[in-house]
Amino acid sequence: MKTSCTGSGGAVTSDGDVLAAMARGHATAFAAVVTRHHPAVSRLVWRMTGGHADTDDIVQETFVKLWRNPAQVRDGKALLGWLMRVASKGASVRMRRRSHAALDAVPEPPDPATRADAGLVRKAAALRVDRLIAGLPERQRLALSLVYFEGLTNIVAANVMQSSVEAVESLLARARRSLKEAMSGEWRELLDALGAGEDQG
């Protein structure tokens, strides 16, 4: 997990130093936090909402909460986890507001059989997998996103989810089982498609 970056003077600045600067009202410090952690937070929200158009709004709200009160994060090492926790809660609230919106709102990927280009086939397979993940229960989706897609350890993911490591492991096991069942006979084809084009270029 990356917790430091290079400041304007060339010195490495930790998340703790940046938070302290934010507490003093330094806008450049806030910009550094956004630059550093926006991609991971955005990916998490995107997966939690199934790629809904609200993603950008949720991510923005997350960083605004930090800007308004940076002191609520007491340890710089916990900053990314805090952002992930706030973002996932924001995503959950939005999803509940539109709880009756069908998963059919997530667009079906194009039929890989109609695509000759390996890159398009791989993209279609990735969209199919994303759609299946979007159908998982919220807690399973969050655990899967944090551990498998953001590369957090089970311990850090448990902290983000305010849960136990055992509970996270159980959620991951159930998520993997659900995905395998949902993919049924197509899982090998999806995995092959996801690997298409990797050896090219």
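The values are calculated or read from the model by the stated rules, or taken from the named source; none is laboratory data. In this text the structure is predicted, and so the values were computed from the model without any measurement. Positions of Cβ are generated from backbone atoms using ideal geometry, with glycine treated the same way; all protein chains shown enter the neighbour counts. Ligands, DNA and RNA are stripped out before the accessible areas are found, and what is left, the full protein with its side chains, is counted by its heavy atoms. Shrake-Rupley method; radii C 1.70, N 1.55, O 1.52, S 1.80 Å.
What number of residues within the stretch 123-157 satisfy the criterion of being part of a helix (DSSP H, G or I) and open to solvent by less than 50 Å² (accessible area, probe 1.4 Å)? Full working, then the answer.
Step one: filter the stretch 123-157 for residues part of a helix (DSSP H, G or I), giving 123-134, 138-149, 154-157.
Within this subset, residues satisfying the condition of being open to solvent by less than 50 Å² (accessible area, probe 1.4 Å) are 124-126, 129-134, 140-147, 154, 156-157.
Qualifying residue count for the region: 20.
Residue by residue, here is whether (1) at pLDDT below 80; (2) under 21 Å from the mean Cα position of the chain (by Cα); (3) not basic (K, R) holds:
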{"site": "T62", "(1), (2), (3)": "no, yes, yes"}
{"site": "A78", "(1), (2), (3)": "no, yes, yes"}
{"site": "S99", "(1), (2), (3)": "yes, yes, yes"}
{"site": "P112", "(1), (2), (3)": "yes, no, yes"}
**Report entry** Contacts under 9 angstrom Cβ, first residue in the stretch 14-28 being farther than 12 Å from L79 by Cβ, partner buried (at least 17 other Cβ atoms within 10 Å of the Cβ) and among the hydroxyl-bearing types (S, T, Y), 6 or more apart
**Finding:** A21/T13
**Report entry** Pairs where the first residue, in the stretch 158-181, is outside any helix (DSSP H, G or I) and the second is open to solvent by 30 Å² or more (accessible area, probe 1.4 Å), C-beta under 8 Å, 6+ apart
**Finding:** M161/R85; M161/R139; M161/A167; Q162/R85
**Report entry** Residue check, E186 over 19 Å from A78 (Cβ atoms) and at pLDDT 90 or above
**Finding:** no
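Let me confirm something: among A193, A116, which residue is open to solvent by 40 Å² or more (accessible area, probe 1.4 Å), modelled with pLDDT under 80 and either among the small types (G, A, S) or not in a helix (DSSP H, G or I) (or both)? Reasoning before the result, please.
Working: A193 fails: open to solvent by 40 Å² or more (accessible area, probe 1.4 Å).
Exactly one residue qualifies, and that residue is A116.
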